[in-house]
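Visitor: Have a look at this one before I ask anything.
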Amino acid sequence: MKIVTVIGARPQIIKAAALSRAIRNSERNIREVIVHTGQHYDENMSEVFIRELGIPQPDYNLQVGSGSHGKQTAAMITGLEEILLNEKPDWLVVYGDTNSTLAGAVAASKIHIPVAHIEAGLRSFNKSMPEEINRILCDHVSALLFSPTPTGYKNLINEGFKELEPPYTTDHPGIFQCGDLMYDNSLFFASIAEEKTDIYSRLSLNEPFILATIHRNANTDDPRRINTLFSVLADISEKHNLRIILPVHPRTRKMMQELLDENVKKQIENSGIELIEPASFLEMIVLEKNAFMVITDSGGVQKEAYYFGKPCIILRPETEWTEIVEQGCARICDADPQKINEAFEYFNGYINSLKFPPVFGDGKASEFIVEQLYLHRLNKN
C-alpha cells in the first residue's frame, strides 16, 4: 500500500511523526510518501521539528510560503494534484484544519483518490475561523474520518454521517473514534524530552512559571485584542511575581511591533514576561510538564496542558476540545481581562484538587489508523 501524507504547519509535522513511527513499526507492506507544502517555511517552525521528531525528510516540498488564503491554497492544490497523478497512492492522508489540509482534500477528491482525515469531526461552531471552514469541507470529501474524541464523533453523526459497513468511499465514508495522535506523541516523547533539550537549564526554570502562547490571527491582528491580552498577562505577572514564558510565533512578533501601544510594551518590559524564540516540540513538552499553568489560544497546547495535568486558560471564545472544559481543567476566557483574572485566581487556588481523567484515547491511535488504512484500501491487488 502507498499513502501520500500532506504536512505544512507545525502541528501536522508533529502528528505525522506518530503516524510515520506506526508505519515503520507495522508488519504491513506500506510505503509513505511525504509532501511538505511549505505553509510553515520558517526554520524554527518546520525543519527543526522534522529533525527532532525523526520524521523522514519530505519527498516533495512545494515551498508555497505565505500569502492570502486563496493564493496559498491554490498553489498547494496545483502542486499536490501533479504529485498525486504521478504517485497514484491508495490514500491521501491529511491532518487537522490548515490550508494544507483543505488543499490536499480538494486536490485528491477531484481526481478520485480517497482521502483519510485525521482529527475529523472537531468543531468550534464558529465559521469566522478559517480552520472551521477547512475542517468541515475536508470531512465532507473524505472516505475515512478519524475522530480523536467522543464529541468529534458525535459531531459527525449530527452532520449526517452514519455508522456504515465497508467498503468505504467518499460517497460511503467510514467514521471512527480512535483517540488522539498528539497524545500518542506526548506519551512517547515525554520521557526523553528533558534529555534531548537544555531549555530547562537554559531558562533556569527553578521557580513556578506560566507557559503562554498567542498566535491566532483573531488575537494578533486586532489591535484591541493583542493589547488587552499582553496587558493582562503583564498584570498577572506583576501582581503575583510570576515568570511567564512566552514562545513567540514569527507572525505574533511582527504584529507586536506594529500594533502594541508603547505603554503595553513598557508593561511587558517591566513584568516577568520572557519572550523567547519559537519552541521545538520537545522544548514545549518540557515547558508544559514543568509549568504550573498554561494560558493559550492554541488548540494543540490546550490538549497538551491537559495531558500533563496543567490547568489551562483559553484565549478564544470557544474550543474544539470541549472535554477539557467539561472536566473543569480549562476555562474559556477569550480576550476578557475579568474572565482571565478570575480563571487565574480559581486555578491558582484549586490547582491541587483538579482531576485529569483520560479522554484522549490509550496512546495507540496511530497504530489503529495505520491498520484501518491498510484494511480498507480499495486497490487490494
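Every number in this text was worked out from the coordinates using simple rules, so none of it is lab data. The shown structure was predicted, so the numbers you read here are calculated from the model rather than taken from an experiment. Glycine also receives a Cβ, built like all others from the backbone with ideal geometry; neighbour counts cover every protein chain displayed.
Visitor: Sort Met284, Met256 by Cβ crowding within 10 Å, fewest neighbours at the top. Don't skip to the end; give the middle numbers.
Guide: Working: Met284 24, Met256 19.
Ascending number of Cβ neighbours within 10 Å: Met256, Met284.
Visitor: Check the straight Cα-Cα distances from Lys162 and name the aspartates and glutamates below 14 Å, setting aside those fewer than 8 residues away within the same chain.
Guide: Asp139, Asp171
Visitor: Cross-link partners among lysines for Lys364, C-alpha distance below 16 Å, same-chain residues fewer than 8 apart left out?
Guide: Here the lysines satisfying the reach criterion relative to Lys364 are Lys15.
Visitor: Kindly state, to the nearest 0.05, the FRET efficiency for Asn241 paired with Asp221, given R0 = 41 Å and r defined as their beta-carbon distance.
Guide: 0.85
Visitor: Give me the lysines in straight-line cross-link reach of Lys88: C-alpha distance below 17 Å, same-chain residues under 8 apart excluded.
Guide: Cα-Cα hits under 17 Å: Lys2, Lys110, Lys380.
Visitor: Continuing with this model, one more query. Quick one: how many lysine pairs in the range 195-353 have C-alpha atoms under 20 angstrom apart, if they're 8 or more apart or on different chains?
Guide: 9
Visitor: Sticking with this structure for a sec: Using 0.36 nm per residue of separation minus the Cα-Cα distance, give me the extension gain between Asn29 and Lys162 in nm, one decimal.
Guide: Extra length available between Asn29 and Lys162 comes to 44.9 nm.
Visitor: What does the charge add up to near Leu242, with Lys and Arg as +1, Asp and Glu as -1, over the other residues with Cβ less than 15 Å from its Cβ? Can you show the working numbers first?
Guide: Values: positive: Lys239, Arg243, Lys310; negative: Glu207, Asp235, Glu238, Glu274, Glu345.
Here the charged neighbours net out to -2.
Visitor: Something else now. Summing +1 for each Lys or Arg and -1 for each Asp or Glu, what net charge is found among the other residues whose Cβ lies under 12 Å from the Cβ of Gly272?
Guide: So the environment of Gly272 carries a net charge of -3.
Visitor: Ok, one more. Projected onto the charge dipole of the chain (+1 at Lys/Arg Cβ, -1 at Asp/Glu Cβ, origin at the Cα centre), which of Leu181, Gly54, Gln372 gives the Cα projection farthest towards the positive end?
Guide: Ranked along the dipole, the leading option is Gln372.
Visitor: Of Glu318, Glu132, how do they rank once you tally other Cβ atoms within 10 Å and put the fewest first? Each step should come with its number before you reach the end.
Guide: Details: Glu318 15, Glu132 18.
Listing Glu318, Glu132 from fewest to most nearby Cβ atoms yields Glu318, Glu132.
Visitor: Could you line up Tyr346, Tyr60 from fewest to most neighbouring Cβ atoms inside 10 Å?
Guide: Going from sparsest to densest Cβ surroundings: Tyr346, Tyr60.
Visitor: Still on this structure: Can you give the local net charge around Glu194? Use residues other than it whose beta-carbon is closer than 14 angstrom to its beta-carbon, Lys and Arg +1, Asp and Glu -1.
Guide: The answer is -2.
Visitor: A further question follows. Just to check I understand the Karplus step: with θ = phi - 60° and J = 6.51 cos²θ - 1.76 cosθ + 1.60, what whole-Hz values come out for the range 2-15, glycine and proline as x?
Guide: Rounded to whole hertz, the list is 10, 10, 9, 9, 9, 10, x, 10, 3, x, 5, 4, 5, 5.
Visitor: Compute a Gaussian network model of the chain, connecting alpha carbons closer than 10 Å, and tell me which residue from Ile276, Ile295, Ile34 fluctuates the most.
Guide: Result: Ile276 has the largest fluctuation of those listed.
Visitor: Describe numerically, in nm with one decimal, the distance between label points set 7 Å from Cα along Cα→Cβ at Asn348 and at His69.
Guide: A separation of 3.8 nm, rounded to one decimal place.
Visitor: May I ask for the angle, rounded to the nearest 10°, between helix 99-110 and the longest principal axis of the chain, with both axes built from Cα atoms and the value confined to 0 to 90°?
Guide: For helix 99-110, the angle is close to 10 degrees.
Visitor: Using 0.36 nm per residue of separation minus the Cα-Cα distance, give me the extension gain between Asn126 and Ile276 in nm, one decimal. The partial results should precede the final answer.
Guide: Working: separation 150, 0.36 × 150 = 54.00 nm, distance 3.08 nm.
Between Asn126 and Ile276, full extension yields an extra 50.9 nm.
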